Amino acid sequence: MPASPERILENLFPFYRQEEFPVLLHQYKTWSESRPLEGCRIIDASPVFRNTCAKYASLLAAGAELTVAVSPVMPYDPETAVLLGQYGIPVVEAERAGGPYDVVMDCAGVLSHVPSRYGYVELTRSGAERYAACTQPVWMVDAGKIKQIETCLGTGESFFRALESLGIKNEQGQTLVVIGHGKVGRGIALHALRRKLNVIVADVEKKPLAFASFVPATDRETLTDAIRHAFCAVTATGKRHAMSGLIEPDMPFSSGVLLANMGVEDEWGPEIPKNRLLNEGRPLNFILPDPTQMRYIDPPLALHNQGALELAEGRVLPGLFPPPPEMEEHFLSLIRSCGSVPPDMLNWIS
């Protein structure tokens, strides 16, 4: 029998203050009383790290029968996976997961093959393609505003925290090349500007930027030159092998620039040796005990949980479905009143 959700939270409190996860705690307290997922069989493929346990506590408090899935597609912390076993929460390999489950809570589409009675909850944009033709309801967390707290604010912060954990300092005036200007790339650029770095953004789409220089990613010579003269270049395109053919092949060997990736997939491509990339090309922030700080991961994980409830109660239509704006505003009000995300940073996600 799984450990009590109270015990899981007790083990988290030495690491996190309550104001760092106000939405999950509110969910936990509310669901402990109403038990809205009583007996609901759920499999969850969220990245398994210490702070993810707060999400599991809320699901267990709601009465869910929880199984956790791990996958080589998404890095996870082996020690936390072992801890889940001690909590009595089954841990399975995503590619071998069977079913059916009542609700499949997915990340990057690694559970899209698992049969579900009520539908799917997908955490990331990278998983959308796997569900494009799905005839069941698919609650897309990444389609709303809340996910930007993680992908823009949190991932941007964790990129620099990961550099610092490796002893890599960034100094005012150094140049950082950010390749990809979606939510993750925008967050890295914003945090770089707070550190007074010189930012060059590269993207396949032309983007007039007031705060940074722009280089077309299709201009091989200009992009290669920009990377060659930067202290670091980081990919955040969301596309596998996005950099293949976009830079001169000798650049990584003729320059001391640091090369990093913040996408789930290998974005630099096979031309670049893995030993030339920080963390061998895997998402750099996953070298950290908390790849995203609790204050930034709390809202999207709670919204992921909320999707399970919406599916179980039949409130989601077939096809890909974004979180309702009024629900996201409710989450944001909890963050503003009880959370620790700086208010000026919350303005960025608009």
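Pairing residues of the range 305-333 that are crowded, with 18+ Cβ neighbours inside 10 Å with residues that are assigned to a helix (DSSP H, G or I) and among the β-branched types (Val, Ile, Thr), at Cβ distances under 7 Å and at least 6 apart in sequence or on separate chains, gives Gly307/Val141; Pro323/Val141; Phe331/Val23.
Residues in the range 169-195 that are outside any helix (DSSP H, G or I) and either at pLDDT 95 or above or surrounded by 22 or more Cβ atoms within 10 Å (Cβ to Cβ) (or both): Gln174, Thr175, Leu176, Val177, Val178, Ile179, Gly180, His181. Contact annotation: residue pairs with Cβ atoms under 7 Å, 6 or more positions apart or on different chains, pairing a residue in the range 143-167 that is touching a residue at least 60 places away in the same chain (Cβ under 8 Å) and of a type in the set (Lys, Arg) with a partner that is assigned to a helix (DSSP H, G or I) and surrounded by fewer than 24 Cβ atoms within 10 Å (Cβ to Cβ), are Lys145/Glu328; Lys145/Ile349. Scanning the range 206-245 for residues that are touching a residue at least 40 places away in the same chain (Cβ under 8 Å), surrounded by 20 or more Cβ atoms within 10 Å (Cβ to Cβ) and assigned to a loop (DSSP other than H, G, I, E, B) yields Ala230, Ala236, Thr237, Gly238, Ala242, Met243.
Take the range 97-146 and flag every residue that is of a type in the set (Gly, Ala, Ser), touching a strand residue (DSSP E or B) at 6+ places or on another chain (Cβ under 9 Å) and at pLDDT 90 or above. Listed by number, the residues that qualify are Ala97, Gly98, Ala108, Gly109, Ser112, Ser116, Gly119, Ala132, Ala143. Within the bounds of the range 47-70, is there any residue that is farther than 23 Å from Glu150 by Cβ, among the acidic types (Asp, Glu) and either surrounded by 16 or more Cβ atoms within 10 Å (Cβ to Cβ) or at pLDDT below 95 (or both)? The answer is yes, given that some residue of the range 47-70 is farther than 23 Å from Glu150 by Cβ, among the acidic types (Asp, Glu) and either surrounded by 16 or more Cβ atoms within 10 Å (Cβ to Cβ) or at pLDDT below 95 (or both). For the range 20-52, the set of residues classified as in contact with an Asp or Glu (Cβ under 7 Å, 6 or more places away or on another chain) and among the aromatic types (Phe, Trp, Tyr) consists of Phe21, Phe49, listed by residue number. Looking at the range 99-111 only, could you name the residues that are under 19 Å from Lys239 (Cα atoms) and part of a loop (DSSP other than H, G, I, E, B)? Cys107, Ala108, Gly109, Val110 - these are the residues of the range 99-111 that are under 19 Å from Lys239 (Cα atoms) and part of a loop (DSSP other than H, G, I, E, B).
Step by step: first the residues of the range 150-180, then only those that are of a type in the set (Val, Ile, Thr) and in contact with an Asp or Glu (Cβ under 8 Å, 6 or more places away or on another chain), then the one that is nearest to Pro291 (Cα to Cα). Which residue is that?
Just the residues of the range 150-180 that are of a type in the set (Val, Ile, Thr), to begin with: 151, 155, 168, 175, 177-179.
With in contact with an Asp or Glu (Cβ under 8 Å, 6 or more places away or on another chain) added as a condition, the list becomes 151, 179.
On the way: Thr151: 11, Ile179: 20 Å.
Only one residue tops the list, namely Thr151.
Exactly one residue out of Arg41, Arg35 is farther than 25 Å from Leu332 by Cβ, surrounded by fewer than 21 Cβ atoms within 10 Å (Cβ to Cβ) and either touching a Pro at 6+ places or on another chain (Cβ under 9 Å) or of a type in the set (A, V, I, L, M) (or both): that is Arg41.
The values are calculated or read from the model by the stated rules, or taken from the named source; none is laboratory data. This is a predicted model, so every value here is computed, not measured. Note: ideal-geometry Cβ built from the backbone for every residue, glycine included; neighbour counts use all protein chains shown.
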